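As structure tokens, the structure follows; a few thoughts come after it.
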Amino acid sequence: MNTLFIADLHLCAQEPAITAGFLRFLRHDAIHAEALYILGDLFEAWIGDDDPEPLHAEIAAELKTLQQAGVPCYFIHGNRDFLLGKRFARASGMHLLPEEKVLELYGRKILILHGDTLCTDDQAYQQFRRKVHNPLIQKLFLAMPLRWRLKIAAKMRARSRQSNQGKSQAIMDVNPQAVEQAMLSHNVHWMIHGHTHRPAVHELELSNGKAHRVVLGAWHAEGSMIKVSADAVELIQFPF
Ligand code: LP5
Ligand code: MN
């Protein structure tokens, strides 16, 4: 048996090939797994569960089919879809998890998270994150008319793109001390995350022994998943 992990699909109506790749993955790969974990940024941008975008209903129905076939699906929010809420969770059958979660899988203890909280050198982002994670700000945003929310989200994406052009690659990667601290505080030697779009298996030396950080890739021209079984933790890139 195995458990699958994916992140950073950035699904949107403008990228039908990625959606098709995801549906294929659900029907042919995830269906044979013990469970599926989606570690954030499933969607390009999420402005509320009441968004009538038809793609969202289509994805919810596909995830529900997976759940009804006996494969539970778990979701950790990303920096694009942190507003995904209970209504979509109910429609899709996904279980919403907190931003950090420790799993015990086939004898390994694994910390899973989106990965943005590890990018502590990116102070502008962390400041932005604190603001948009403020429950009051979220409540105000969600109470706005849909077209205002769409406009604000588009503005944020444009500002984000612009500000990322001026940032170094190092600043936008995880901070090694933040990684070590997260692993030590949860007492784990395995971590799986996405967000940075730098798929890799990193071996590291912690103060209490050897550890592994496995990073999922984003779904641009191909898919990316991590398969955990009793024998191995494999990072797999695959065509749509
Ligand atoms: O997303 P990505 O990969 O391009 O970059 C991220 C960080 N950027 C973000 C911002 C998101 O892209 C915006 C998504 C909007 C989704 C839905 C809207 C819901 C709104 C809810 C309000 C309660 O996460 C980027 C990181 C990068 O990852 C790598 O880690 O660097 O961080 C930034 O770009 C932050 C900037 O440095 C500063 C933020 C600019 C936003 C300013 C907002 C202006 C709003 C105007 C409103 C009228
Ligand atoms: Mn992200």
Any idea what the relative contact order of the range 201-240 is, in percent, if you count C-alpha pairs under 8 Å spaced at least 6 apart?
29
Scoring only Lys, Arg, Asp and Glu (+1, +1, -1, -1) among other residues with Cβ under 9 Å from the Cβ of Glu203 yields +1
Cα extents of the chain per principal axis, largest first, Å, are 51, 43, 32
Would you check the accessible area of Ser185, probe 1.4 Å, heavy atoms only, in square angstrom rounded to 10?
80
Under 18 Å from the 7 Å Cα→Cβ point of Thr65, by amide nitrogen: which residues of the range 24-38?
24-33, 36
Keeping all protein chains in the complex and leaving out DNA, RNA and ligands, what accessible area do you get for Met144 with a 1.4 Å probe, in Å² to the nearest 10?
50
Run the numbers on the range 14-135 and let me know its relative contact order in percent, using alpha-carbon pairs under 8 Å that are six or more apart.
24
Only Cα pairs under 8 Å and at least 6 apart count here; give the relative contact order of the chain as a rounded whole percent.
24
Would you work out which of Pro239, Ala218, Gln165 lies farthest towards the positive end of the dipole of the chain? Charges go on Cβ: Lys and Arg +1, Asp and Glu -1.
Gln165
Using label points projected 7 Å from each Cα along Cα→Cβ, tell me how many nm separate His186 and Glu100, to one decimal.
0.7
Given R₀ = 51 Å, FRET efficiency for Leu150-Ala170 by Cβ-Cβ distance, to 0.05?
0.95
Within a Gaussian network of the chain (alpha carbon springs, distance under 10 Å), most fluctuating of Ala211, Ala45, Ala124:
Ala124
Going from most exposed to least, what order do Cys73, Cys12 have by accessible area with a 1.4 Å probe?
Cys12, Cys73
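Place a +1 charge on the Cβ of each Lys and Arg in the range 82-189 and a -1 charge on the Cβ of each Asp and Glu, then give the dipole magnitude about the Cα centre in debye, rounded to the nearest 20.
Numbers: 18 positive and 8 negative charges, 190 e Å.
I would put it at about 920 debye.
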Write down the accessible area per residue of the range 1-112 in Å², having rolled a 1.4 Å probe over the full set of protein chains.
41
Straight-line reach check, Lys227, cutoff 17 Å on alpha carbons, 8 or more apart in-chain or any other chain, hits among lysines -> Lys109
Anchor Lys167: lysines whose Cα lies under 29 Å away (excluding residues fewer than 8 positions away in-chain):
Lys131, Lys151, Lys155
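For the chain, what % of the accessible area comes from carbon and sulfur atoms, probe 1.4 Å?
Using a 1.4 Å probe with all protein chains present, the chain comes out at 54 percent carbon and sulfur.
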Over the chain: helical MRE at 222 nm, DSSP H runs n ≥ 4 each giving -39500 (n - 2.57), nearest 500
-11000 deg cm²/dmol
All aspartates and glutamates inside 15 Å of Lys101 as judged from Cα atoms, apart from same-chain residues fewer than 8 positions distant
Asp116
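The values are calculated or read from the model by the stated rules, or taken from the named source; none is laboratory data. Predicted, not measured: the structure shown is a model, and the values here were computed from it. Every residue, glycine as well, gets a Cβ built from its backbone with ideal geometry; the counts of neighbours run over all protein chains shown. Side chains included, ligands, DNA and RNA excluded: accessible areas come from the protein's heavy atoms. Shrake-Rupley method; radii C 1.70, N 1.55, O 1.52, S 1.80 Å.
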